[in-house]
Amino acid sequence: MTNHRLLSLLTLVFACCFVFTGCQFLGLPEDFNPIKENQKKEAFHKEMDAAMMTMMKAMMETPMTMDPDVDFARMMIPHHIGSVDMAQIELKYGHEAKARQLAQEAKDADEASIKRLQAFLDSYGSPEPVSEETYSKFKMKMDEAMKKMEETMGSVPETIDPDYDFAEMMIHHHQGAIDMSKIELEFGDDEPAKKEAQMIIDHQEEEIIKLGEFRNEHGQPLF
């Protein structure tokens, strides 16, 4: 056997031992396959990025009426749809039961909120525009909230763990909903819309706590 072939064989043996002992050390299953997991990671993040881009595009292209109550509801619906899409991606790729449970809870809650928001829009009648000065402040704050959400979600580092990454991104997504809902409470005057905004704040704040607890207990992946 040549020195080159011997070196290659020893490298392969060492790599196999490293993967096996490394999996044990990291608490990963012995059949953990880094190549397959990396492929899943890439697919997970590709679908997450697509969901976020679709959501942002729909929110930015929402026709504005200069009625804060109507425009809040119209923008929150695609925001919730983005949450539902993200939750479905987690249910597709996630492993951890707790993360999958949180995804299902987010999906159920946001689908229910979408129905209430759509029912509000259907029964509202004609929009009631506010002054240009007031609406300019409302729109500026909404745009800032959406930009902040887009930037914070986009800055989440990609790891090989979809459960951890889902929790990180969903925390920022939920915060975006909270920020938008607080703006509705500041500028809106229709009680059903403001009630829905408060419900969103209460639920999303609770979800952020749960997602944070999962993230901290689960631990940050090493790669």
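The values are calculated or read from the model by the stated rules, or taken from the named source; none is laboratory data. This structure is a prediction, so every number in the text was calculated from the model and none was measured. Cβ coordinates were reconstructed from backbone atoms using ideal geometry, including for glycine residues, and neighbour counts include every protein chain displayed.
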Meets criteria (out of contact with any Pro (no Cβ under 6 Å at 6 or more places or on another chain), buried (at least 23 other Cβ atoms within 10 Å of the Cβ) and more than 20 Å from Gln118 (Cβ to Cβ)) for Ala167 | yes
All positions within region 152-172 that are modelled with pLDDT under 95 and small (Gly, Ala, Ser) = Gly154, Ser155
Which of the residues belonging to region 44-71 are within 22 Å of Phe187 (Cα to Cα) and either of a type in the set (Ser, Thr, Tyr) or crowded, with 22+ Cβ neighbours inside 10 Å (or both)?
-> Met59, Thr62, Thr65, Asp67, Pro68, Asp69, Val70, Asp71
In region 187-214, how many residues are exposed (fewer than 15 other Cβ atoms within 10 Å of the Cβ), part of a helix (DSSP H, G or I) and over 19 Å from the mean Cα position of the chain (by Cα)?
-> 3
Name the residues in region 129-143 that are over 13 Å from Lys182 (Cα atoms), part of a helix (DSSP H, G or I) and either free of Cβ contacts under 8 Å to residues at least 24 places away in the same chain or not charged (D, E, K, R) (or both), would you?
-> Glu133, Thr134, Tyr135, Ser136, Met140, Asp143
If you take the residues in region 72-105 that are among the polar types (S, T, N, Q) and surrounded by fewer than 18 Cβ atoms within 10 Å (Cβ to Cβ), which one is farthest from the chain's Cα centre (by Cα)?
-> Gln101
Do we have any residue at all in region 130-151 that's under 20 Å from Ala51 (Cβ atoms) and surrounded by fewer than 14 Cβ atoms within 10 Å (Cβ to Cβ)?
-> yes
Determine the pairs where a residue that is closer than 18 Å to Ile178 by Cβ and touching a residue at least 40 places away in the same chain (Cβ under 8 Å), located within region 95-113, has a partner that is of a type in the set (Val, Ile, Thr) and assigned to a helix (DSSP H, G or I) with Cβ atoms under 7 Å apart, the partner being 6 or more residues away or on another chain.
-> Ser113/Ile200
Just to be sure, is Asp179 part of a loop (DSSP other than H, G, I, E, B), within 28 Å of Glu128 (Cα to Cα) and assigned by TED's automatic domain parsing to the domain that holds Tyr135?
-> no
